[in-house]
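Okay, structure first, notes after.
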Amino acid sequence: MAKLIRFMKKMPDKSGYLLILPFFIIFIYFWITPIVNVVTDSFTDYQLFGAKSFTGIDNYIKAFSDTTFVKAMINTLLYTVGTVFPTMILGFLIAQLMNSSLVRTKITRTFMFLPHVLSMVAVSVIWLLIYDPAYGHANLILKFFGMSPSKWLQNPDTALISIIIMSVWKGIGYNMIINLAGLQNIPSSFYEVADLDGANYFQKTWKITLPMMSPTTFFLLVTGLIGSFNVFEQVNVMTGGGPANATTTIIHQVYLNGFTYFNMGYASAQSVILIVIVLIVTMINFRVSSKSAEVDMG
Amino acid sequence: MNRTILKKILLYLLLIALNLIVLFPFLVMIATSLKSLNEIRVSPYSLVPKEIRFDNYISFF
């Protein structure tokens with residue numbers, strides 16, 4: 001009897017599992033089931049209105065030999081590199097500016113944050129007007145600086161860059177606000193000590209601000225990378241995949257194959273490829289950041 | 001003392017320039033919403049509509 005009581009005491013309280021059960025039922029039904037479905041569908045030739053039959057890894061072979069999809073992967077990578085890093089750097093610099101005690105920045109912050117509040121589709125429509133080769137303002141600005149007008153979204157060489165410029169414009173406000181919060185969390189005593197030691201502005205930025213900002217930077221990097229890999233709205237609204245597939249992205253291909261051509265099996269395989277890419281990138285991120293955190297501690 | 005004032009002016013100029021860049025698409029949006037469909041195409045390079053018309057808003061409601 002005593003043994004049994006000791007055993008019961010060692011065991012965790014079972015009623016706890018009952019209390020967290022409602023969440024896990026919803027979680028499994030709405031999060032896990034779709035993921036499992038996508039993975040299983042990716043091994044079939046499932047059309048939206050038809051029977052499924054198992055085809056093995058045919059969909060994956062098709063995806064990697066499909067020049068359009070390879071182009072989409074390259075475009076997504078270019079978009080990610082072209083968007084995330086400029087947005088982070090500009091956001092950090094502008095946050096530094098906003099953090100200055102010399103000027104009042106309340107209104108400026110609001111204006112800078114405004115693009116983030118708008119929906120991507122609305123923003124895309126505005127930028128369609130700006131980029132228009134015949135009556136848009138982008139060409140007027142080029143002319144003002146003495147450059148020849150460009151066709152922007154209609155030219156395969158500049159279409160992706162045009163979308164990147166727009167996305168950077170939209171992302172800066174958010175990055176600035178998060179960076180600003182990080183900057184204001186750094187205790188001012190660090191800077192006071194640095195001032196006593198006679199450190200100049202760049203030494204302070206390099207030795208105090210950047211190391212202290214590393215959690216913020218890491219958060220922005222991970223969310224920014226995942227968000228950029230999932231780019232879809234601006235591509236679909238502004239170019240629809242663009243001249244000669246110059247701006248098509250992975251999600252755009254998934255959408256086209258799944259909901260325009262109804263090849264759900266093939267679209268699922270493409271989604272799985274995207275999931276794997278994002279997972280790998282995020283894992284590399286975490287690995288690198290945990291290493292650098294150890295260095296900071298030591 | 002003079003240097004701080006100079007710094008302030010420079011910072012404010014920088015902030016105004018930044019705001020102009022960021023707000024420019026919004027200006028385009030507002031200007032376009034007040035133009036007629038023809039005017040968007042006819043006078044390409046004006047931010048100020050020739051005549052302010054609320055047709056677009058009226059038809060929206």
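The values are calculated or read from the model by the stated rules, or taken from the named source; none is laboratory data. As the structure is a prediction and not an experimental result, all values here were calculated from the model. Backbone-built Cβ (ideal geometry, glycine too); neighbour counts: all protein chains shown. These area figures cover heavy atoms from the full protein model, side chains too; ligands, DNA and RNA do not enter into them. Shrake-Rupley method; radii C 1.70, N 1.55, O 1.52, S 1.80 Å.
Fully extending the segment from residue A:134 to residue A:53, taken as 0.36 nm per residue of separation minus the present Cα-Cα distance, adds 24.1 nm.
Neighbouring Cβ atoms from other chains, within 10 Å of the Cβ of residues in A:165-177, number 1 on average. Ligands, DNA and RNA aside, residue A:280 has an accessible area near 90 Å² when probed at 1.4 Å.
With all protein chains kept in place, the per residue accessible area of chain B amounts to 76 square angstrom at a probe of 1.4 angstrom. Please compute how much accessible surface disappears when B pairs with A, both sides summed, using a 1.4 Å probe, and round it to the nearest 100 Å². For chain B against chain A, roughly 2400 Å² becomes buried. Once both labels are positioned 7 Å from their Cα atoms along Cα-to-Cβ, the gap between residue A:185 and residue A:223 label points is 1.1 nm.
Between residue A:99 and residue A:195, what FRET efficiency comes out of the Förster formula 1/(1 + (r/R0)^6) with R0 = 22 Å and r the beta carbon distance, rounded to 0.05? Efficiency, from the Cβ-Cβ distance: 0.85. For residue A:116 and residue B:37, FRET efficiency with R0 = 41 Å and r from the beta-carbon atoms, rounded to 0.05? After rounding, the FRET efficiency stands at 0.85.
Provide the net charge surrounding residue A:126, with neighbours chosen by a C-beta distance below 12 Å and charges set as Lys +1, Arg +1, Asp -1, Glu -1.
Around residue A:126, the surrounding residues sum to 0.
Ordered from highest to lowest accessible area with the whole protein assembly present and a 1.4 Å probe, B:48, A:272 read as B:48, A:272.
For the stretch A:10-124, the solvent-accessible area with a 1.4 angstrom probe is 65 square angstrom per residue.
If you roll a 1.4 Å probe over chain B with all protein chains in place, what percent of the accessible area is carbon or sulfur? In chain B, the share of accessible area belonging to carbon and sulfur is 72 percent.
Rounded to whole Å, give me the distance from the Cα center of the stretch B:4-40 to that of the stretch A:49-120. Here the two parts' Cα centres lie 24 Å apart. Could you compute how much accessible surface residue A:85 exposes when probed at 1.4 Å, giving the result in Å² to the nearest 10? Surface accessible to solvent at residue A:85 totals approximately 100 Å².
A simple spin-label model places pseudo-atoms 7 Å from Cα toward Cβ; at residue B:20 and residue A:6 they are separated by 8.2 nm.
So, with a 1.4 angstrom probe, what is the percent of accessible area on the stretch A:171-298 that is carbon and sulfur? List each step's numbers first, then the result.
Numbers: 4510 of 6740 Å².
Heavy-atom surface of the stretch A:171-298 belonging to carbon and sulfur, 1.4 Å probe: 67 percent.
Here's the picture: a label point sits 7 Å out from the Cα of residue A:78 along the beta-carbon direction, and within the stretch A:133-165 the residues with their amide nitrogen under 16 Å of it are A:151-165. Straight-distance candidates among the lysines for linking to residue A:62, with alpha-carbon spacing under 25 Å and chain neighbours fewer than 8 residues away dropped: A:52, A:71. Distances between every pair of Cα atoms in chain A, grouped in 10 Å steps from 0 to the bin holding the largest one, split as 5, 19, 24, 23, 16, 9, 3, 1, 0, 0 percent.
For the set A:36, A:237, the ranking by accessible area, highest first and with no ligand, DNA or RNA atoms included, is A:36, A:237 under a 1.4 Å probe.
Ordering A:255, A:191 from largest to smallest accessible area (1.4 angstrom probe), what's the sequence?
I get A:255, A:191, largest accessible area first.
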